[in-house]
Every structure is written in structure tokens, then in C-alpha cells.
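The structure under discussion appears below in the form of C-alpha cells.
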Amino acid sequence: MHRRILLVSVAAMLAAASTGAGAQAYPSKPVRLIVPFAAGGTTDIVARVVAEKMNLALGQTMIVENKAGGAGVIGANEIKTAKPDGYSLLFATSSTHAILPTAMTKVPYDPIKDFTPISSICVNPLVLVVHPSMPDTVQGLVELMKKNPGKYSYATSGTGSILHLTSEYFKREVGGMDVVHVPYRGSGPAIQDLLPGNVAWMFETFSTMLQHHKAGKLRILAFAHQKRAAIAPEIPTMIEAGVPGFEAYTFNLFLGPAGTPKNVVDTIDQATRKVMADPATIKFLEDIAAVPTPDTTPQRTAKFIEDELAKWAPIIKAAGIKLE
């Protein structure tokens with residue numbers, strides 16, 4: 001009888017020890033990566049490529065789930081309310097963590113307090129692109145706009161979008177220009193009106209515009225980053241083109257809900273660093289004119305979000321942008 005009790009006690013202790021070890025092991029099941037936009041866009045494509053590489057680095061499957069709506073609010077809010085255990089992450093963007101927190105009148109989350117910064121993946125710099133009838137330099141374009149106030153128009157993918165804010169930023173940095181804003185429902189319709197010259201210029205992602213530039217249908221004047229793009233080194237930066245300090249881009253980050261444990265953050269951080277050090281990852285990003293972030297850390301990611309919020313807030317307020 002005593003032997004039986006002893007055996008049961010030992011078994012119970014082993015089971016408890018096993019359960020405790022299992023509770024500390026991360027990850028022990030698939031990780032959800034919430035992309036706050038529809039499938040098929042640049043954000044989704046980058047997320048899926050990175051998630052596939054994270055599978056090996058984490059030793060678990062990272063599953064991409066698209067939760068589109070509200071310019072990114074729905075997906076971001078889902079992670080805000082998720083359990084902070086590392087099994088639900090947000091693929092955050094400039095929309096969710098640089099623009100909406102200031103532009104929206106009632107954003108349902110705090111971009112700092114409601115999330116745990118983990119890793120930076122990349123930035124995707126924008127380009128200034130014009131119809132071929134426009135001047136072939138940034139300074140030439142600015143001069144033409146200033147000589148003809150109210151005559152020309154520029155396109156964006158919508159009011160309050162990163163393309164709109166970058167245009168407002170550009171106008172401010174060159175001393176002000178009276179140019180008519182024409183907001184469209186997405187980049188596609190905007191580009192279709194730029195091609196025949198119905199609007200004069202716009203900002204857009206490099207990968208979207210490069211084929212039109214090479215075909216001579218549109219002209220990229222400059223790249224909005226401190227360094228030239230590896231895939232088109234002949235195109236100057238906005239800084240080289242005469243607009244000091246001008247950088248504008250979308251970005252992609254791994255964020256967890258507030259309260260995500262440090263051991264989980266460290267595990268994801270280390271896995272992300274492995275992925276970002278992979279030459280194949282770097283080549284994929286550079287081929288779409290994105291700029292990888294190989295020196296990512298949770299601390300740098302937190303500082304990056306703070307800097308982006310501080311950069312765009314005054315531009316949003318000065319432009320009077322208020323999204324419902």
C-alpha cells in the first residue's frame with residue numbers, strides 16, 4: 001500500500017514538473033501574425049515571406065491572418081485585446097502606428113501603451129513620380145508649381161494616407177506650394193489618372209512605380225530615403241535632389257499585446273535577427289526597394305515608433321486631417 005502511494009506521488013511530481021516546463025517553453029504551438037490589410041498588397045507579401053522564414057527560426061509555424069478594415073484599426077485592435085502570450089502578433093505599419101493615432105478622432109488603442117515592441121523588419125521608402133510632361137528634376141517641379149499656384153494637382157490613395165501625408169510634408173519642406181489635392185480610393189485609380197496626365201505628380205512605393213518608370217510612361221524623380229535604392233542606383237534621393245533631410249516610407253514591425261513576457265519577446269527578437277541576417281531575406285526586400293533592418297532590437301523598435309509618431313503628428317495637424 002505504501003509503495004503504491006509512493007509511486008503515485010512520484011508520478012504526480014513528474015507530471016507537475018513536465019507541465020511547468022511546458023508552460024515555460026515558447027513557442028509550443030503555431031503563432032498568429034495579424035496583417036491589418038487585405039491579402040495581395042505589399043504589406044501582406046512581405047509578411048508572408050518573413051513568416052515563412054520565421055517558421056524555421058522559431059521552430060514553429062507562423063500563420064498569417066488578414067484582418068482588414070478601418071485603415072488597419074481592426075487588425076491592430078485585435079492584437080491590443082489578445083492574450084499577451086506571444087501567440088498573437090501584429091504586423092504593424094505606418095498606418096496603425098504613425099498616422100491613425102493622430103489622424104483618427106476616436107482611435108481605439110494607444111500605439112505605445114497597448115503594445116509591446118519586438119522587432120523591426122523593414123521600411124519601404126516612397127518615390128516622387130511625375131507625368132513625363134513635367135520637369136525632370138525635383139527642383140524644376142517645385143519651381144513650376146510655385147510659378148503656377150492652383151493650376152496643377154497631385155494624386156494620393158486617399159485623405160490621411162501615408163501618400164497624402166508625404167505630399168503635405170513635401171509641400172512644407174520646399175516652403176509651401178499651392179497644388180490641388182485629388183484623393184482616390186486606393187493607389188490603383190490614382191496611378192491610372194497620373195498615366196494620362198490628369199494629375200501632375202504623386203508619391204508611391206518604388207516597386208509599384210518602377211515598371212512605369214522603365215517603360216517611360218512615368219518618371220521617378222527621387223527616392224525618399226537617405227540612401228539610393230539598390231535596384232535603381234541611378235535615381236537620386238530626395239535629399240540629393242535638394243530637399244534636406246527628406247525621408248518618407250511605410251514600415252513593418254512585429255508587435256505583441258502590452259504585457260508580453262520578456263522571455264517571449266527575446267525569443268521572437270532573436271529569431272527575427274536570424275531571418276534579417278539571411279542574404280535571401282535581404283535580397284527579397286531589396287528587390288522590392290525595401291530597406292531591411294538587420295540591427296533590430298525591441299528597444300530600437302520602441303524608439304522608432306516614438307520617432308515616427310512625433311514626425312507625422314505636426315504634419316497631420318497642420319493639414320487639418322481628421323478621420324472618423
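The values are calculated or read from the model by the stated rules, or taken from the named source; none is laboratory data. Remember, predicted model here, so these are calculated numbers, not experimental data. Positions of Cβ are generated from backbone atoms using ideal geometry, with glycine treated the same way; all protein chains shown enter the neighbour counts. SASA here: full protein model, heavy atoms, side chains in, ligands and nucleic acids out. Shrake-Rupley method; radii C 1.70, N 1.55, O 1.52, S 1.80 Å.
Please identify the pairs in which a residue from the stretch 148-175 that is over 18 Å from Ile191 (Cβ atoms) has its Cβ atom under 6 Å from the Cβ atom of a residue that is charged (D, E, K, R) and surrounded by fewer than 18 Cβ atoms within 10 Å (Cβ to Cβ), counting only partners at least 6 apart or on another chain.
These pairs meet every condition: Pro149/Asp178; Gly150/Asp178.
Looking only at the stretch 266-293, count every residue that is in contact (Cβ under 8 Å) with a residue 60 or more places away in the chain, in contact with a strand residue (DSSP E or B) (Cβ under 8 Å, 6 or more places away or on another chain), open to solvent by 10 Å² or more (accessible area, probe 1.4 Å) and hydrophobic (A, V, I, L, M, F, W, C) and tell me the total.
Final tally of qualifying residues: 2.
Go through (1) open to solvent by 40 Å² or more (accessible area, probe 1.4 Å); (2) closer than 23 Å to Arg228 by Cα; (3) within 17 Å of the chain's Cα centre (by Cα) and name the single condition Glu306 misses.
Of everything listed in (1) open to solvent by 40 Å² or more (accessible area, probe 1.4 Å); (2) closer than 23 Å to Arg228 by Cα; (3) within 17 Å of the chain's Cα centre (by Cα), Glu306 misses just condition (2).
With out of contact with any helix residue (DSSP H, G or I) (no Cβ under 7 Å at 6 or more places or on another chain) and touching a residue at least 24 places away in the same chain (Cβ under 8 Å) as the only criterion, which of Gly86, Gly140, Gly75 stands out?
Testing whether each residue is out of contact with any helix residue (DSSP H, G or I) (no Cβ under 7 Å at 6 or more places or on another chain) and touching a residue at least 24 places away in the same chain (Cβ under 8 Å) leaves just Gly75.
How many of the residues in the stretch 69-106 are outside any helix (DSSP H, G or I), of a type in the set (Val, Ile, Thr) and within 28 Å of Phe246 (Cα to Cα)?
So the answer is 2.
Filter the stretch 1-56 for residues that are open to solvent by 50 Å² or more (accessible area, probe 1.4 Å), at pLDDT 95 or above and within 20 Å of Pro84 (Cβ to Cβ) and give the result.
Across the stretch 1-56, the qualifying residues are Ser28, Lys29, Pro30, Arg32.
Do you know which residues across the stretch 261-287 are touching a Gly at 6+ places or on another chain (Cβ under 8 Å) and of a type in the set (Val, Ile, Thr)?
Val264, Val265, Thr267, Ile268 - these are the residues of the stretch 261-287 that are touching a Gly at 6+ places or on another chain (Cβ under 8 Å) and of a type in the set (Val, Ile, Thr).
For residues in the stretch 48-68 being in a helix (DSSP H, G or I) and touching a helix residue (DSSP H, G or I) at 6+ places or on another chain (Cβ under 8 Å), which is farthest from Val265 (Cα to Cα)?
That would be Val49.
Based on this model, can you work out whether Lys83 counts as surrounded by fewer than 17 Cβ atoms within 10 Å (Cβ to Cβ) and modelled with pLDDT of 95 or more?
yes
Against the condition closer than 17 Å to Asp136 by Cα, open to solvent by 10 Å² or more (accessible area, probe 1.4 Å) and not in a strand (DSSP E or B), how does Ala232 come out, does it pass?
No, not satisfied.
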